[in-house]
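We did not get these values from a lab; they are worked out from the coordinates using the rules stated. Here the structure is a predicted model, which is why all the values come from computation and not from measurement. All Cβ positions, even for glycine, are placed from backbone atoms using ideal geometry, and neighbour counts span all protein chains on display.
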């Protein structure tokens, strides 16, 4: 225990606030023009760190944050979407039971433990209404959970889980729902319940917002605050942030602003329409962040009202740097991002007036991503600082932090947060949890930085790896490389930076110091061996996304019964890039009975099978192009077998769709294209179209639930899936 830390008998609550894909330079207190007054107030009462690092991706960072261990070692080499099975223990998409979470440890030390928001720490094929629940929040030490299980969700129409069961989106009847508000509502409720009934008991809250991850969505009044603000372009906004960062002391005075990344065009090279659309993307992102800051303000107000503010240690971070998945032009269609399609101005411009609405999933262009990462290079998923250097704010007036509104520059890593909490609480992590032996904690406490601003850093080294991208920081030097998938790792070109005089990787010294570069590369291999990084895999995202022995989708027949909960996209039948059939056994008591029998996806893409105006419909939404198939005859009443069959053309995503009623062909059409990799972030609904709807045809009717009885819906998948 650091003797500089104050020890007392008063209870200390702990809150982790985690942003998603927020850049180093996005917060007002880190130099941004975006209004974040509540976060700035936390910083003014605490400490800001300018040399703190995470992994380049969300699930690995969260696994390291909650356990204090390196992400490969605990089974989270990438995200939870990829589970390569027991023979690849570093890529299981889950936190090993040998790496207990801070929630598990604090619960055993008398804490109430609450998780609210994004989880993304259980294998996605476990994230179904049937579980299994071992790696859900309640299986990893949290006593309450409210949020969403997968990596992203629609901010207006999220897929929500309460404890261990899926629940519908709350509807206050005013049409103003946003998931960030809902999350803070539940965080406040959990804290207030415990403080009211057991005031002597401390709490640990893990609050993980969907912000600032795609889709960028916010209430219109927040977006309007930024109308016209970004018309000056990303070149000037980045320069302005860089200047403010020096004024605030966030970056060294001698830091240089590197050129834009190779994928970013100068603002003046854009057409007027391109500039108009790009500026709107950033207005939405800024409004999104200010809205999230307002929710943090609501949480702080609650803590103050119930007397739990000054005795609460608050840690606020981003899980990685800003994302470039919107590519050069930005995106209004998540399905195109997944399919690898770069959207053009002609794709985006028709949605200009709808971009702030609830049927568009915005992701800004990479030019703004680099602005968000000011003054750093590159982005999320990469091991340059744009991917791994993130803001960190720590506030704890109850003890330890001798001054406030100060910047700390010691080098630290995401594994160091939880060991810091253990130290300040005087808690020794156990050797076993529920009988399972625990691996050592890899992180080290940052507590010494609280009262000793000029103390030399106690962390000298850290390795990084993500999908072959690698880096090694050691004693003030950094070696880094971007790996091109499919090429030999031995052919990767490494760069070298002297971080003692080069804060943000501007001057590559690989040619001047080849021996030091080789030393760091060799050290990386040693650390990779020590912390279970190896073997490196030369496989991209789509090559890793293969079913394993645990996956509920690794079969060809699926039967769902009426009343089943929404089924997450990862657990839904994998109909993409193959032939399939959907057969619904239903009762239709009269000719007025209509509604959705089954629907998959949302406005970005998906399909829906429904009865309307006495006709049977199947509509396929491919990247917002709708292909309807309508029965030639009316749908009879009584006991019916409704069937849709898709026959795929070989080596193509096109095919023929056919509708049958009681075995009789009633409609047929050619579908010129369907999805190859993934339909949507939204899952499968039986008996309704869980909002937001796949089609606008029945949007006014909401979920448009089927008015009769659905006995069961059976999917049968063909064996003609083409190689990805």
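The long axis of helix 272-305 is offset from the longest Cα principal axis of the chain by roughly 70 degrees. Take the Cα of residue 436, go 7 Å toward its beta carbon, and the backbone nitrogen atoms of segment 54-91 under 11 Å from that spot belong to 75.
With respect to the chain, whose longest principal axis is taken over its alpha-carbon atoms, helix 58-67 is tilted by about 50°. In a fully extended conformation the segment linking residue 239 and residue 305 would gain 19.7 nm over its present Cα-Cα distance, using 0.36 nm per residue. Spacing of the modelled spin labels on residue 676 and residue 521, each 7 Å from Cα toward Cβ, amounts to 3.4 nm. Return, ordered by residue number, the residues of segment 216-234 whose backbone nitrogen is under 13 Å from a label point located 7 Å along Cα→Cβ of residue 298. Under 13 Å, as judged by backbone N against the label point of residue 298, lie 219 of segment 216-234. Rounded to the nearest 0.05, the FRET efficiency derived from the C-beta distance between residue 232 and residue 722 at R0 = 60 Å is 0.80.
Sorted by mean Cβ packing within 10 Å, highest first, what order do the peptides 431-441, 562-572, 526-536 take?
Result, highest mean first: 562-572, 526-536, 431-441.
Once the Cα-Cα distance is subtracted from the 0.36 nm per residue extended length, the residue 405 to residue 561 segment shows a gain of 50.4 nm.
The distance between label points at residue 349 and residue 591 comes to 4.8 nm (points 7 Å beyond Cα on the Cα→Cβ vector). The Cα center of segment 590-636 and the Cα center of segment 267-325 differ in position by 38 Å. If R0 is 51 Å, the Cβ-Cβ spacing of residue 109 and residue 709 corresponds to a FRET efficiency of close to 0.50.
Classify segment 555-717 as rounded, prolate or oblate, taking a ≥ b ≥ c as the square roots of the eigenvalues of its Cα gyration tensor: rounded when a/c is under 1.5, otherwise prolate if a/b is larger than b/c and oblate if not.
Because its axes are fairly even, with a/c under 1.5, segment 555-717 counts as rounded.
The structure-derived value of Cα extents along the principal axes in Å appears in the list (i) 113, 57, 51; (ii) 95, 80, 44; (iii) 80, 61, 52 under the label (iii). With Cα atoms defining each centre, segment 228-255 and segment 53-126 are spaced 35 Å apart in the structure. So how tilted is helix 234-248 from the main axis of the chain? Cα-based, degrees 0 to 90, rounded to 10. Rounded to the nearest ten degrees, it is 30.
Shape call for segment 75-125 from the C-alpha gyration tensor, a ≥ b ≥ c root eigenvalues: rounded (a/c under 1.5), prolate (a/b greater than b/c) or oblate? It is oblate, given that a/c is not under 1.5 and a/b is not larger than b/c. A full extension of the chain between residue 172 and residue 583 corresponds to an added length of 144.4 nm, given 0.36 nm per residue minus the alpha carbon distance.
Take the Cβ atoms of residue 491 and residue 614, set R0 to 45 Å, and the FRET efficiency comes out at 0.10.
Compute the separation of the alpha-carbon centres of segment 132-185 and segment 639-683 and state it in Å as a whole number. Cα centres, segment 132-185 to segment 639-683: 32 Å. The modelled label-to-label distance for the pair residue 623/residue 257, using points 7 Å beyond Cα in the direction of Cβ, is 3.5 nm.
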